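Worksheet: one structure, shown below.
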Amino acid sequence: MKNKAVLEGLLFVVGDDGLKLSQVMDILNLNMDEAKELITELRKDYENKNRGITINFLGDTFKLTTKKEHKDFYSKLLQNEESNILSQAALETLAIIAYNEPITRVEIDELRGVSTGYVVRKLIARGLIKESGKSNTLPGKPTLYKTTSDFLDYFGLSSLSELPKIEETDENNESIDLFLSNRIEQKNNDDDLEILD
């Protein structure tokens with residue numbers, strides 16, 4: 001069923017923000033009964049033990065989530081030393097949040113040009129960003145994100161005001177790459193980190 005595949009894709013794209021039943025109805029041009037039936041069918045697909053994700057109704061939204069029975073494996077991933085290295089995607093996402101906070105996931109996606117759901121979840125798990133309320137200016141009141149004190153500690157900053165200014169230039173009058181600022185580069189050199197994609 002085409003709509004089921006579309007719904008799955010929509011839930012993936014919106015990530016932690018989830019979809020309200022009214023949004024499913026509007027986007028897929030369905031009535032309430034059809035939308036509920038579609039969500040129920042997709043949830044049944046995820047009941048298969050060979051699937052690692054499921055659909056949960058949290059608050060007033062439907063979200064793709066991991067299965068609770070696999071939580072020990074997710075914990076191991078987050079504790080794994082290699083998984084704790086900040087990737088280029090994570091650094092870019094952090095820079096976008098730091099310079100624009102508070103900011104929604106959809107706005108981050110627009111600025112990066114790709115979906116950042118996984119990266120945002122990983123940064124929350126690492127304690128580098130956190131939820132800071134809901135947007136009252138955007139439809140659906142999506143979650144807002146901002147950096148944490150752990151973010152400042154990680155990059156050796158006392159406040160966000162110490163971030164390089166966007167209009168700053170170096171000695172050769174070339175624009176500074178925000179994602180490879182001296183602070184980030186220094187932190188990576190100090191820890192002998194390898195930036196992974």
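Quick check, is LYS122 modelled with pLDDT of 90 or more, surrounded by 17 or more Cβ atoms within 10 Å (Cβ to Cβ) and in the same structural domain as ALA89 (by TED's automatic domain parsing)?
No: the conditions fail for LYS122.
If you take the residues of segment 18-65 that are assigned to a helix (DSSP H, G or I) and acidic (Asp, Glu), which of them is surrounded by the fewest Cβ atoms within 10 Å (Cβ to Cβ)?
Only one residue tops the list, namely ASP33.
Could you grab me the full set of residues in segment 17-66 that are acidic (Asp, Glu) and within 24 Å of PRO142 (Cβ to Cβ)?
Listed by number, the residues that qualify are ASP17, ASP26, ASP60.
The values are calculated or read from the model by the stated rules, or taken from the named source; none is laboratory data. Treat the numbers as computed from the prediction; the structure is a model and nothing was measured. We place every Cβ from the backbone using ideal geometry, glycine too, and count neighbours over all the protein chains shown.
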